[in-house]
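Coordinate-derived values only; no laboratory data. These figures come from a predicted structure and were not determined experimentally. Glycine also receives a Cβ, built like all others from the backbone with ideal geometry; neighbour counts cover every protein chain displayed.
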Amino acid sequence: MNDISRILFLCCALALSAGGCAGLRGAKPTPTGPTTSDQAMRYFVEAKVFEAQNNYLGAIVALRNAADLDPTSPTIYTRLAYNYQRINDPRMAVHFARKGLALDGSQARLRRLLIRILESEGDREGAIVHIEELLRYEPDNWPLYRHLAYLYFETGQTERVAPLFKELLVQEHTPPAVKVDIAGIFSRINQQKEAERIYRRILAADPRVENAWLGLAELKLAQGHRREAIAIYREAAGHLPDSSIPYHLARLMVAEHGLEDLADILAEESAEVLYHLGVALSEAGQYDQATLVFKRIVEMQPQTVEQWTDLARYYIYLEDYDSATAVLSQAAEAMPDSSEIYLYWGMALESTEHYDEAIAVYQRGLEYLPDAVELYLYWGLALEQQDAWAEAIEVYSQALVASPGHAPLHVQWGVSLGRQGQWEDALAQYETAASLDPAYSSTFLHWGIALEELEQWEAALEKLNQAVALANDKSRVLFYLGACYEQASRQLGRDEYFDRAVETFQRLLDIEPNDAYALNYLGYMYADKGVRLTEAVALLEKAIALEPDNSAFLDSIGWAYFRLGELAQAEHYLQQALEYMDEGDPEEQAVIFDHAGDIASALGKMDEAHAHWQKVLELAPDNEAVQRKLLP
């Protein structure tokens, strides 16, 4: 008898002597209809209590009795698998996970647990079988394909990798990031031609896919084609100057022929590419080469707005703001009718919080370009940065005298009114903007937000749906629409609005699958409503992978685990949420403390729960729900 079995035996013996547990009997009871089912449920509930107390052995005893009474319940076997895992008995965890999956093969979370255990025990073949089975239920789950590919590598089955990805590569909806990963895997199995073909096909469709450029250049370097790699980096830098590409190019400048390669680059590349390369060389400690690059930028005689701004950007990088101002002043004299110069100059000053100087620049530009609406807009925005709302509105009013009939000015005027709580006046501005330009999506977006603030839910939804129909960048507007549907569902008690919120966020994630805030919002919606909890955890895990220190995301996944009854996991994530909590957001803090209190209470830690709830009342004294929790 091993240690775990001996402990289980003693636990059962003690339970029998106390008359409180049926124990692990040799003979299974004969089912007796509804009474048997009720008894199984009582054992299951008893197990949940044990789990909340971290008494996993007690939970196992109760669940084994429940399984004896109801051997057709996949939920009982699932809980047994998790509890055996918690006491580090992988053999029994695997046994009961398989029993649960035999009854319900669609349990993705249980199958993932089984895969983890099999891998940790060295049974990669077994893990492969279950990943392949999981893909039947999740055919678009790219991480599963990648996981399976690496297991094929580890088990010497590399011939199975290419067929695995064939279907994914031809599907139109497969994201470029997935195709880049597939190309990387092909390069690992010595199929470099296929990898290069995939990279080039991605870039032909969209030259802004940074990782495709990086993968292609690294492939050429691995083949010993350094010059080709440099040419690829240079072409990529032309498309993506403000990316990591110049840093990879700078890495090659350190090598034996770096100065020779740099000479060609200095002679041929634009000031913008040179600026980012100079920064990369400087940060890599290659100061001599960086100096050559920056000298070349200074030597260039600016002929265009871009060349002037690149030269100014160089001085801003050096934190030589006097030289940057001198350059931009020269630029304004050379090209006094270019609003872009004044806008760049003003924004550069705003980036260092020199708002008054920025306003002076916008005003200088308006002396030459009195009809330049953008300069008025940025002047007003600079005032808004200083909470000078009334002054900002005055600027927008002046702008409309100079350029009547400009919808964006009315919209920004409305936003300024809203920031002061003057929502009804803001609505009037949005109505005017819509009459001037019925196709301007921002009007309807801000109009919908204002109506939300006034709790006019039906009207808000109408405006936000109009914004979605008109917007080019639909993802941003879809977020507001989904959030409005979710809030309306709670305020009006209409379940169909919750369903519409789900549809809206799913639509957003089809467009932007890595939108961390959309992933979190949808996952929290499920968790708070207590539905689709396994899916909620998957969404929130992805959000946290994108922003690991986001306290709101950590709170959301903790709450999802709480709803699942996984109290240890819930407590773990809430502790992290408390650690990373933003002290500048009292509303978020109150939610996190409230959730932490509920979880501590479920774990029987009442002193800790009360301390968390007291924190909520410090932040939100009128929270009646928390007040009731603190009643004796």
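For the residues 310, 322, 123, what sequence is obtained by ranking on other C-beta atoms within 10 Å, fewest first?
Numbers: 310 22, 322 8, 123 16.
In increasing order of surrounding Cβ atoms, one gets 322, 123, 310.
Given the Cα-Cα distance of residue 123 and residue 458 and 0.36 nm per residue of separation, how much length would full extension add, in nm? Let's see the in-between values first.
Numbers: separation 335, 0.36 × 335 = 120.60 nm, distance 5.56 nm.
My answer for the length gained is 115.0 nm.
Could you work out the relative contact order of region 302-404? I mean the mean sequence separation of Cα pairs under 8 Å and 6+ apart, divided by the number of residues, in percent. Don't skip to the answer; put the middle values down first.
Working: 102 pairs, mean separation 18.8, N = 103.
This gives 18 percent for region 302-404.
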- Can you give the extra length, in nm with one decimal, that the chain gains between residue 299 and residue 625 once fully stretched, where that is 0.36 nm per residue apart less the Cα-Cα distance? 110.5 nm
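So how much slack lies between residue 472 and residue 347, counting 0.36 nm per residue of separation and subtracting their Cα-Cα distance, in nm?
Details: separation 125, 0.36 × 125 = 45.00 nm, distance 2.49 nm.
Gain in length upon complete extension: 42.5 nm.
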- Note on the structure: Computed over the chain: longest principal axis from alpha-carbon atoms vs helix 108-120 long axis, angle to nearest 10 degrees, is 90
- What are the ³J(HN,Hα) values, in whole Hz, obtained from phi via the Karplus relation 6.51 cos²θ - 1.76 cosθ + 1.60 with θ = phi - 60°, for each residue of region 404-419 in sequence order, with x given for Gly and Pro? x, x, 9, 4, x, 5, 5, 4, 5, 4, x, 4, 5, 5, x, 4
- Task: With the Cα gyration tensor of region 226-303 in hand, give its eigenvalues times 5 under a square root as the equivalent ellipsoid semi-axes, listed largest first in whole angstrom.
- Result: 17, 14, 12
- Task: State the Cα centre-to-centre distance between region 435-455 and region 492-547 in whole Å.
- Result: 24
- Charge-dipole axis of the chain as Lys and Arg at +1 and Asp and Glu at -1 on Cβ define it, positive-most pick from 184, 73, 497: 73
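Taking the Cα centre of region 417-513 as origin and charging only Cβ (+1 Lys, Arg; -1 Asp, Glu), how large is the dipole, in debye to the nearest 20? Don't jump to the answer; show the numbers that get you there.
Numbers: 8 positive and 17 negative charges, 38 e Å.
The calculation lands at about 180 debye.
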- Query: What are the semi-axes of the equivalent ellipsoid of the chain, taken as the square roots of 5 times the eigenvalues of the Cα gyration tensor, listed largest first and rounded to whole Å?
  - Reply: 55, 37, 22
- Query: Using the alpha-carbon atoms, what tilt in degrees (0 to 90, nearest 10) does helix 305-317 show relative to the longest principal axis of the chain?
  - Reply: 60
- Note on the structure: Quick P(r) readout (region 540-632; Cα-Cα; 5 Å bins; whole %) gives 3, 16, 26, 24, 19, 9, 3, 1, 0
- So which lysines pass the test for residue 99, namely a Cα distance under 21 Å, with those fewer than 8 places away in the same chain ruled out? 28, 48
- Query: How far is the Cα center of region 38-65 from the Cα center of region 247-310, in Å?
  - Reply: 67
- Note on the structure: Placing each pseudo-label 7 Å from Cα in the direction of the beta carbon, residue 206 and residue 288 end up separated by a distance in nanometres of 4.2
- Query: For the Cα atoms of the chain, what angle does the longest principal axis make with the long axis of helix 258-268, in degrees from 0 to 90, nearest 10?
  - Reply: 60
- Using r as the Cβ-Cβ distance of residue 534 and residue 340, and R0 as 56 Å, what FRET efficiency do you calculate, to the nearest 0.05? 0.65
- Query: Binning every alpha carbon pair distance of region 288-342 at 5 Å from zero, what are the percents per bin?
  - Reply: 4, 21, 31, 25, 12, 5, 2, 0
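Could you put 443, 36 in order, starting from the residue whose Cβ has the fewest other Cβ atoms within 10 Å? If you can, show how the numbers build up before the last one.
Working: 443 28, 36 15.
So the ranking, lowest neighbour count to highest, is 36, 443.
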- Item | Calculated log₁₀ intensity ratio I(q)/I(0) where the Debye formula runs over C-alpha points of region 302-404, q = 0.13 Å⁻¹ | -0.44
- Task: For region 96-153 and region 313-365, write down the distance between their C-alpha centroids in whole Å.
- Result: 58
- Task: State the answer as a single residue: which of 36, 135, 120 lies farthest towards the positive end of the charge dipole of the chain, with beta carbon charges of +1 for Lys and Arg and -1 for Asp and Glu, about the Cα centre.
- Result: 36
